[in-house]
Amino acid sequence: MSLPSSEHPPTGTETFLTKITIPTSREGAVQLDEADPLRRFRDAFDLPAGVIYLDGNSLGPPPRAALTRLQKTAADEWGRDLIRSWNSASWFDMPKSCGAKIANLIGAPPDDVVVADSVSINLFKLAAALNRKNGGAIAVFENEFPTDSYILQGLAALTGAELRTLKPTDNPFADDIDLLVVSVVDYKTAAISDIADMEVKAAAAGVAIIWDLSHATGLLPLDLARDGANYAVGCGYKYLNGGPGAPAFIYARGSAGALDQPLTGWMGHADPFAFDNTYRPAGDARRFVCGTPPILSLSSLDAALEVFDDVALHDIASKAQGLGDLFLARALAFGLETVSPLPGAPRGGHVSLRYDHGYEVVQALIARGVIGDFRAPDLMRFGFSPMYLSYADIWDAADALIDVLQTEEWRKPEFARRDNVT
Ligand SMILES: *Cc1c(COP(=O)(O)O)cnc(C)c1O
């Protein structure tokens, strides 16, 4: 586990990356793979043969350890030990113990992170608590991941708080704004926000920032405490590979006694089994838990985090950048357009290409086993989770993309059919 501190400058600066020279042939890609310090992690994942999975930024694939743990939790802890497992298997402690593992990945004190609910619900709890404490307007950029805006709209409707939707060029540190919700890695472009720089400006303007770490956790060498970040939410099923619908997490610095969140369920009570009539919040981050935790999902996430035990986040971020640079360089050479930072410029773990028939192209690629996704209205998005992808995989995926476009295979009618999830 790497806990990046002084040797790693803030995210958003180029220097957190070890640069590679972008290969210009498949042989060059294979050579990079031979020197890759993350190569040994491929076998930790259970991926089907014949698939190049470029969607780990949206749903991470199963680590073998997570599948094994799910079996054990279901058969031994639930099936055999039954309700005793709340104590004997430490189910009751899991929101905190799993939170402490995530704290290690984001540079937060272990007691300040708890695993619970979804990102959406955690954002509601945290934004409501901060708005109740500080008052003032809440701000969100118009291109933020929609659920973040939706949740703030719901909160504003409930409490009467003012919600300000900002254009990308607007100043989020204006006088009357007290709370800003912003992603560290943009879900469409993968542009990275400079946490430390924004926190300095926020502190000067009296603005609290809630960072959405969904596309950053398990990918970037985050160090929230060092960078002055006090509040965050993040996702368990993307780069953390916790499984579909795995619970999310919430970070509130020194949360003991500081924030009153509105979803005051019994599992956030200081002493749930006192069955006291009056709510009293737990003294630490457990106050952000509401109801009974989803133990099967939580177990899967907890085991999935073992993959990060002896890996340097700096190596993960550097390789994600290298894989993305390679894919993007080939796409641009072919004449495609991108909304993502160009090769060499700091970027999160994915790349988005703009193409009018992007939906059909992505479907044609999926039919070939190259799995990416589509984000309306016209973005083809490809994620480069470095734990199980090789440079050769990326070379082959770029070949497939170019071939689907050159042959116009995407025009086949079956690739135009739309499903619920894109
Ligand atoms: C994936 C993602 C979410 C997910 O929210 P859930 O409520 O857990 O479904 C939220 N915000 C961002 C920026 C995301 O990328």
Report, as a whole number in µm² per second, the diffusion coefficient that Stokes-Einstein gives for segment 209-256 at 25 °C and 0.890 mPa s using the Kirkwood radius over alpha carbon pairs.
219 µm²/s
If I ignore ligands, DNA and RNA and count only protein heavy atoms, how much of residue 375 is accessible to a 1.4 Å probe, in Å² to the nearest 10?
60 Å²
Convex hull projection area averaged over all views, segment 99-214, Cα basis, nm²:
7.2 nm²
Hydrodynamic radius (Kirkwood) for the chain, which is based on Cα pairs only, to one decimal in Å:
22.3 Å
With loop defined by DSSP as not H, G, I, E or B, and exposure as at most 10 other Cβ atoms within 10 Å, which is the longest segment of the chain clear of exposed GluC sites (Glu not before Pro)?
143-422
Might you tell me the accessible area per residue for the chain, computed with a 1.4 Å probe and given in Å²?
41 Å²
Cα convex hull of segment 222-285 - mean projected area over all directions, nm²
5.6 nm²
Sequence of 287, 80, 26 from largest to smallest accessible area, 1.4 Å probe:
80, 26, 287
If one compares the long axis through the Cα atoms of helix 195-205 with the longest principal axis of the Cα atoms of the chain, the angle in degrees, nearest 10, works out at 40 degrees
What is the Cα centroid distance between segment 140-195 and segment 320-393, reported in whole angstrom?
26 Å
Express in % the proportion of alpha carbon pairs of segment 201-331 at distances exceeding 23 Å.
48 percent
Count the lysine pairs in the chain whose Cα atoms sit under 26 Å apart, keeping only pairs 8 or more residues apart in sequence or on different chains.
24
Carbon and sulfur atoms: what percent of the 1.4 Å accessible area of the chain do they account for?
53 percent
Length gained if residue 342 through residue 416 is fully extended, taking 0.36 nm per residue and subtracting the Cα-Cα distance, is 23.7 nm
What number, rounded to the nearest 500 deg cm²/dmol, is the helix-based mean residue ellipticity at 222 nm of the chain, given -39500 (n - 2.57) per DSSP H run of at least four residues and division by all its residues?
-10000 deg cm²/dmol
What ratio of Cα Rg to 2.2 N^0.38 Å holds for segment 344-422?
1.09
Bridge type composition, the chain - antiparallel percent by DSSP, nearest 5
55 percent
Cα-derived Rg to Rh of segment 170-265, Kirkwood definition
0.98
Per residue, the convex hull volume that the Cα atoms of segment 244-399 enclose (Å³):
175 Å³
Just the Cα atoms of segment 268-330: what Rg and Dmax do they give in Å?
20.3, 63
Nearest 10 degrees, 0 to 90: what angle lies between the long axis of helix 358-367 and the longest principal axis of the chain (Cα atoms)?
80 degrees
Cα-based Debye curve of segment 37-171 sampled at q = 0.13, 0.21 Å⁻¹ gives log₁₀ I(q)/I(0) of -0.89, -1.25
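The values are calculated or read from the model by the stated rules, or taken from the named source; none is laboratory data. Not measured: the values here are computed from a predicted model. Backbone-built Cβ (ideal geometry, glycine too); neighbour counts: all protein chains shown. We work out accessible area using only protein heavy atoms, side chains counted, and drop any ligands, DNA or RNA first. Shrake-Rupley method; radii C 1.70, N 1.55, O 1.52, S 1.80 Å.
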